[in-house]
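The values are calculated or read from the model by the stated rules, or taken from the named source; none is laboratory data. Only a predicted model underlies this, so the values are computations on that prediction, with no experimental measurement involved. FYI the Cβ positions are ideal-geometry reconstructions off the backbone, even for glycines, and counts take in every protein chain you see. Keep in mind that these areas ignore ligands, DNA and RNA; they rest on the heavy atoms of the full protein, side chains included. Shrake-Rupley method; radii C 1.70, N 1.55, O 1.52, S 1.80 Å.
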Amino acid sequence: MSRSDAPPDPTGGTGTGTPAAAKAPHAKAPYAATSYAKASYARLASAKLAAGTVRVFLVAAALFWLLPALGLLLSSFLSPTDLNKGGWWQVLTAPSRLTAGNYERLLANDTITGSLLNTFAIAVPATLLVLVLGSFAGYAFAWLEFPGRDWLFLVVVGLLVVPVQVALIPVSELFGTIGLFETTAGVVLFHTAFGLPFAVFLLRNFFAQIPRELLEAARLDGAGELRLFARVVLPLGGPAIASLGIFQFLWVWNDMLVALVFADSASPPVTVALQQQVRQFGNNIDVLAPGAFLSMVIPLVVFFAFQRQFVSGVMAGAIK
């Protein structure tokens, strides 16, 4: 029987012994590869478009957030006469109006320059006291066993909700009785007292994450509690302590209410000194704008100096 007379293949082939189903995948393979490549390219393009949209949105949000600060910065370089004529946007068409006269007058004021030193005298001790006392208390609440430890820690946590305003009058009477009212030491003690509850709460939770085996190994090597705290706990708690120091320093540096009540009016910190320079009539932008940026220089330096430790301390609780 000749090849042309062969009976039809029941599998759908051509009668030559090769099924059509066996040939189909080879015939469709180029089309499948092309479709897969197109789908991958579409997904990649969609992901890049989404990422680009998110970046544009974040940049726009950041610029919108910084717009008031930028306007205040430009206003600080405008003379009082130009400020009365219009807003800060006039420098966009007339940049020659920018001048450093406001900063020169502010720095020539002995009250302002002296207030910066007074602010240092308040912020640095208040920050160091909170760090030292908070570190000792946090370690004690985390790893030392003593009666009433948990209840005492709950009391410390409860102090977090006590507002500063509630304590102004009672503490003023107390400081007046013991001779600390209108003194730098009184302001430092007040900031230390209200900074300690948060410090103890933060550092206790951070120190409690230290592996117990590490502390037990140090005790087996003969380390006492003080040496254990100094050689093991403090190095591991560096990021949290640095973050706490930044928060405490910024809070004390920018405070005005406590300084206005407890500080000596003859040697005020920078926030109170700027308030004293405000005129009774007028917008006072030529005083407040340069004063605000002058008082922001030191906190920005402190933040950027400890930025890495700050980020590590913030992320410490997110990744175990």
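Worth a mention:
- So LEU117, is it in contact with a helix residue (DSSP H, G or I) (Cβ under 9 Å, 6 or more places away or on another chain), on the phi < 0 side of the Ramachandran plot and in a helix (DSSP H, G or I): no
- Some residue of segment 282-305 being touching a residue at least 24 places away in the same chain (Cβ under 8 Å) and in contact with an Asp or Glu (Cβ under 8 Å, 6 or more places away or on another chain): no
- Some residue of segment 127-135 being open to solvent by 50 Å² or more (accessible area, probe 1.4 Å), under 18 Å from ASP255 (Cβ atoms) and either out of contact with any Gly (no Cβ under 7 Å at 6 or more places or on another chain) or among the charged types (D, E, K, R) (or both): yes
- Any hit, segment 85-104, residues being hydrophobic (A, V, I, L, M, F, W, C), surrounded by 10 or more Cβ atoms within 10 Å (Cβ to Cβ) and under 30 Å from PHE198 (Cα atoms): no
- Looking at ALA108, ALA123, just one residue is without any contact (Cβ under 8 Å) to a residue 24 or more places away in the chain and either of a type in the set (A, V, I, L, M, F, W, C) or crowded, with 20+ Cβ neighbours inside 10 Å (or both), and that residue is ALA108.
- Within segment 51-61, the residues that satisfy the criterion of being among the hydrophobic types (A, V, I, L, M, F, W, C) and open to solvent by less than 50 Å² (accessible area, probe 1.4 Å) are ALA51, ALA61.
- Filter result (open to solvent by less than 50 Å² (accessible area, probe 1.4 Å), under 14 Å from ASN284 (Cα atoms) and in a helix (DSSP H, G or I)) within segment 65-79: SER75
- Within segment 164-222, helices (runs of 4 or more DSSP H) holding 3 or more residues that are within 28 Å of the chain's Cα centre (by Cα), within 25 Å of THR119 (Cβ to Cβ) and small (Gly, Ala, Ser): 184-207
- VAL272 over 23 Å from the mean Cα position of the chain (by Cα) and under 24 Å from LEU144 (Cβ atoms): no
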